[in-house]
Amino acid sequence: MFIGFGPFVLAQQKVGYVLEMEGKWTIDGTAESLNMGQSVAGGIILTNSKPANGDHIVVANLQGEVIKTIRCKTGTCGECRESGACYDPIHPLPISPEATSRVSTAFNAVLELFASKPDRYSVHRVRSSGLIIERNEVVRLDGSVVDVSGFLQYQEKGVYEFQFIPLSREGGSKEDRKPILNSFNWNPGKKASLSIEGIHPGLYEVWITRGDETGSAWVLLCSAGSYSSSIASFQGFSDQTDNWGGSVTLTTKQAYQRAYLELLASRNSGSVQ
């Protein structure tokens with residue numbers, strides 16, 4: 001049976017994607033390494049010839065649902081059951097892809113974007129001094145006012161500094177794309193709105209600092225016309241990442257959310273990032 005390699009395989013062969021992985025994983029019988037976001041064909045067996053503790057691979061189907069998790073410990077890799085035990089022999093991926101859906105269309109689009117530049121969406125943590133920002137956001141831009149309450153959820157009371165770094169490539173001068181600084185005195189349970197001079201709709205990386213602690217997230221700032229459709233679309237995708245549960249890490253979920261935000265940003269602007 002012919003198997004396609006590289007980030008993409010023939011549509012009739014593709015049954016899923018590598019959602020998350022640690023270690024060097026290959027298709028049994030080949031020497032080609034797999035990558036996060038890469039599509040995989042039905043019938044293949046995933047292998048790790050030199051597994052280290054913590055090595056693992058998670059595969060999702062075309063609807064974005066986890067269909068296979070393999071974890072390694074003490075030099076042995078086993079397929080995981082729903083109960084969480086990972087001692088079963090590794091079985092081939094299913095031969096036939098499941099029927100596509102609206103969710104799978106979005107998932108396929110963001111996975112192709114993710115596979116082309118996974119490092120762009122990586123979430124980098126600062127050890128022992130990082131704020132844990134739970135998720136990325138779509139926020140309506142009302143003139144120059146941005147609601148940042150979503151980023152401060154679960155955070156302690158105090159003064160937070162926000163740095164908005166434009167990521168959108170469409171329009172604007174180099175001056176428009178310089179970081180924008182603002183600060184806010186956060187009181188949990190209250191609304192947190194920033195009035196930011198010179199802010200425009202688009203995709204931004206937000207660095208949030210409180211004292212010596214720093215965290216980051218991505219935000220798509222939308223005009224009134226594009227906000228409703230963008231927030232609904234992103235919420236649907238975020239629900240999908242939430243459904244991955246403990247199969248993947250929080251940082252992996254956030255990385256895919258970032259890729260989806262860039263996809264939305266390109267659609268809103270009518271261009272490809």
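Answer yes or no as to whether L220 is in contact with a Phe, Trp or Tyr (Cβ under 8 Å, 6 or more places away or on another chain) and not in a helix (DSSP H, G or I). It is true that L220 is in contact with a Phe, Trp or Tyr (Cβ under 8 Å, 6 or more places away or on another chain) and not in a helix (DSSP H, G or I). Do we have any residue at all in the range 205-217 that's out of contact with any strand residue (DSSP E or B) (no Cβ under 9 Å at 6 or more places or on another chain) and assigned to a loop (DSSP other than H, G, I, E, B)? Yes, the conditions are met somewhere in the range 205-217. Here G225 fulfils each of the conditions (1) in a helix (DSSP H, G or I); (2) modelled with pLDDT of 95 or more apart from (2). Taking every residue in the range 22-37 that is outside any loop (DSSP other than H, G, I, E, B) and pairing it with any residue that is of a type in the set (A, V, I, L, M, F, W, C), at least 6 positions away or on another chain, the pairs with Cβ-Cβ distances below 6 Å are I27/I44. Give the residues of the range 59-75 that are assigned to a strand (DSSP E or B) and under 20 Å from the mean Cα position of the chain (by Cα), sorted by residue number. Selection gives V59, A60, N61, V66, I67, K68, T69.
The number of residues in the range 77-87 being modelled with pLDDT of 85 or more and closer than 30 Å to F234 by Cβ comes to 1. In the range 202-236, the residue that is farthest from Y121 (Cα to Cα) out of those that are crowded, with 21+ Cβ neighbours inside 10 Å and among the aromatic types (F, W, Y) is F234.
The values are calculated or read from the model by the stated rules, or taken from the named source; none is laboratory data. Since the structure is predicted, the reported quantities are computational estimates derived from the model, not experimental observations. No Cβ is skipped: glycine too gets one built from the backbone with ideal geometry, and neighbour counts run over all protein chains shown.
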